[in-house]
Amino acid sequence: IISGAPGSGKGTQCEAIVEKFGVVHISTGDILRDNVKAGTELGRKAKEFMDSGRLVPDELIIDLVKGRLAQDDVKQRGWLLDGFPRTAEQAEALKKSGVVAQSFVLLDVPDESLVERICLRRTDPVTGKIYPLKFNPPPAEVVDRLQHRSDDNEAA
């Protein structure tokens, strides 16, 4: 399990862990954004919370994660949970499901750095890659298509 505030570098660290160990990266943020993009009922509900920087209710997140953990690729390769659990209720639900982590990594980044990272990052809608403009600027050929996510703001 990897944990940290939005903008702390979880995605970057997850890429390295997936590359080294071949586990399935399960990001609650990605699952939620995919549902928002697809216009699902869950996505519409979640968007209101995400846009205001609030956490999506536990019961919605728990059901999403449990469903993903039950899929064959996860059973075969193992998993890396990114952004889950965030609350005691989520942790308890994980425990009751019999899911036990081998390791837990907490990325602790100062608040002022987090605000800068979040406000200055952009997403490539074609590849899904996130570019921190200050630390890892995008290649020239993707600059025009970059998007600023609605939840990438100081409130988040």
Check your understanding: Antiparallel DSSP bridges in the chain: what percent, to the nearest 5?
Key -> 35 percent
Point to revise | Helical mean residue ellipticity (222 nm; -39500 (n - 2.57) per DSSP H run of 4+; nearest 500) of the chain | key: -13000 deg cm²/dmol
Point to revise | Viscosity 1.306 mPa s, 10 °C: Kirkwood-radius Stokes-Einstein D of the range 1-86 over Cα pairs, µm²/s | key: 118 µm²/s
Point to revise | Candidates S103, S52, S113: whichever shows maximal mean-square fluctuation once the chain is modelled as a Gaussian network with Cα springs under 10 Å | key: S103
**Study point:** Gap separating the Cα centres of the range 36-75 and the range 88-122, nearest whole Å
**Key:** 15 Å
Practice item. Just flag the trypsin sites (Lys or Arg not before Pro) in the range 80-156 sitting in loop per DSSP whose Cβ has no more than 13 other Cβ atoms within 10 Å. Key: K134
Review point. To the nearest 20 debye, what charge dipole does the chain have about its Cα centre, counting +1 at the Cβ of each Lys and Arg and -1 at the Cβ of each Asp and Glu?
Key: 300 debye
Check your understanding: K66: which lysines have alpha carbons under 28 Å from its alpha carbon, excluding same-chain residues fewer than 8 sequence positions away?
Key -> K10, K20, K37, K45, K47, K75, K95, K96, K129
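No value in this document is a laboratory result; all are computed from the given coordinates. All figures in this text were calculated on a predicted structure; none of them were measured in a lab. Cβ: placed from backbone, ideal geometry, glycine included. Neighbour counts: every protein chain shown.
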